[in-house]
Every structure is written in C-alpha cells, then in structure tokens.
Number of protein chains: 2
Amino acid sequence: MSQSFMERALELAKEAAIAGEVPVGAVIVSSEGEILAETRNRIVELKDATAHAEVLAIRGAGARLSSERLIDCDLYVTLEPCTMCAGAISFARLRRVYYGCSDPKGGGVEQGACFFDQPTCHHKPEIYGGICETEAAQILRDFFKEKRE
Amino acid sequence: MSQSFMERALELAKEAAIAGEVPVGAVIVSSEGEILAETRNRIVELKDATAHAEVLAIRGAGARLSSERLIDCDLYVTLEPCTMCAGAISFARLRRVYYGCSDPKGGGVEQGACFFDQPTCHHKPEIYGGICETEAAQILRDFFKEKRE
C-alpha cells in the first residue's frame, strides 16, 4: 500500500466536486507501482449512470494493458465501492482494493449486498478500508453540505 | 412487454456467440416503444471487464437521450443481470427489466446479492423473468458446449 496513490485519488475526488460530480476518485496501479488509470466520477458529464470512478478506471486500465483482466493490479478509491463497482472489480480480477471511507447508504462491500461474500462472486480481492478515511469523508461532507445550502 | 424486443436481444446474443463472447444481448426501449440501444457482450473485444450487454445498453441509451437517467425506459436482456448490471440498472432508473433465463452461478437479481432487495438499492425496477427462456438458455448452452469441445 502506498499512501501517495490514495492521495492522488483524493485529488481526483476534489476535481469531481469542482465539476459538480459526487466526489469520488480512483487510481489503478500495476504490481510494479505504475499508475495505469486515474479517474473520477463523470456520471453527469458523460450522461452515463455507470460512469463511476472505479468503472472508468477499470476500463482505462484494461485499454492500457490490452486485457480485460487486471491481474496483480490494485485499486485505490476514496469511497467504499457500490455494488455495481464491486461486481466490476471482481470481473476485472483486481488483486487488492484500498478504499477511504465507508458508504452506509450505498456501499456494496461492507453493507447491503456484501458482494464479495456472495456465492455468485467468483473472484474476491483483498480489501483494506479506512485509508485516509478522515479526508475522504470530509470531501464528501463538504460537497453535500454545499449542495444543501 | 413486446416479445419482438426480446427476439431482437436474442439475435444480438447470437451475434455475441459468433464473436466469441458469452452470448448475452440487450435492448433498451423508450415508453413510446422506440429502441434506444441494441447491444451485446463485448468484454473480450473491448478489453473491458464492464462491457456487459446491459452496461453498454445503459451507456448507449444515456448518450441517445442525453441523460444518465433512463426514466420510463425498459430493458430487455437475454440472461438474468449479474450484480454489477443490477447496480447499473438501478442507477439508470430503468422502469422495467424483462429477462430471459436465470443465472444461478452469476445472477444478481434472484440469487446471491439479490441487489434489488437490499436496503442499499434506492431504485427497484419492475422485474419479469422467463421471457423466451428456452431459446435464451439454449444459446448459452450451445456456446459453452462448443467451448468445451
């Protein structure tokens, strides 16, 4: 685990907020420590309900490696992945997932579907939560507070 | 429900099989009965683990309508959506999902995560399974049989 990758993901989350998107950022890193994709939510911009940071990162890294399987690659993401993204992570065969804060309302890893613990999940990455949790949560809180004002 | 849309999805599934992809086809239709997207699995072709027929259909229909929310639109898909696609369907606010055969190993609607029944699911479409089930299942059986031979 390298904190610098999560710091990059946090920067991307802040860019998302500025663009009016729910602030989530993601980075996919090869086993050699090379960044393969750096993404953020682009749902509103792309008019695409599936354009979560994680899905865009998986797509980007797949294009970069010319493979739909991201063997030995790790994902850093500022928020607990939702159920859709947990499914995408499993299909992409990511090795490890490092995430920032939990998402009690929409998470798919620790809550609700708990997808990686289901018998219909055929690849479970190693999961590490709470990485830079305070800052990750603050970015989201600031965004929603501003929206309500 | 119009069976002709599922028949079109079945044709797309057959095209997927010819291209060497797991044969799943999908069609998204507006409330006026206009086809907004016609897609099939393109995972191998696009080197994209998320390129399931449903995700591509949601992306295509969003681009067509210039909205990430596919209000009052219906999805026809030949196989029970997986957990990733169930999440995508919910985010896209699709009105109804008509699907062909069940997927005991990887489905996310009736099995495993049963995503639409989770408290973390914030939009549940109407769901109708078993549409053209026999043909939908046969296309998949033929594909995997040929792969094993």
Label-point gap, in nm, between B:GLU133 and A:SER31 - each point 7 angstrom along Cα→Cβ: 4.4 nm
Spin-label pair B:ASP72/A:ARG95, simplified geometry with 7 Å Cα→Cβ offset, distance in nm: 5.0 nm
Residue-span extension gain [A:VAL44 to A:ARG148] - 0.36 nm each, minus C-alpha spacing: 35.6 nm
For B:ALA63, inter-copy label distances in nm, listed shortest first [label point 7 Å out on the Cα-Cβ vector]: 1.2
Hits among aspartates and glutamates - C-alpha to C-alpha of A:LYS47 under 13 Å, sequence gap 8 or more where chains match: A:GLU21, B:GLU68
Cβ-vector label at 7 Å, A:GLY130, separations to other copies in nm: 4.7
Across the identical copies, how the A:GLU146 labels are spaced - nm, sorted shortest first, 7 Å along Cα→Cβ: 5.3
Rounded to 5, percent antiparallel among DSSP beta bridges of the protein assembly as shown: 55 percent
Axis-nearest residue of B (beta carbon) for the B-onto-A rotation, whole Å: B:ALA113, 2
Footprinting exposure proxy for A:LEU75, A:LEU10, A:LEU94, B:LEU140 (fewest neighbouring C-beta atoms within 10 Å first): B:LEU140, A:LEU10, A:LEU94, A:LEU75
Cross-link partners of B:LYS147 among lysines (Cα-Cα below 18 Å; sequence separation of 8 or more within a chain): B:LYS14, B:LYS105
Cβ-placed point charges (K, R +1; D, E -1), dipole of the protein assembly as shown about Cα centre in debye, nearest 20: 40 debye
Order of A:HIS123, A:HIS52 - criterion: other Cβ atoms within 10 Å of each residue's Cβ, fewest first: A:HIS123, A:HIS52
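Taken together, the values in this text are just the output of simple stated rules run on the coordinates, not laboratory data. If you're wondering where the values come from, they're calculated on a predicted model, not measured in any experiment. Virtual Cβ from ideal backbone geometry, glycine too; neighbours counted across all protein chains shown.
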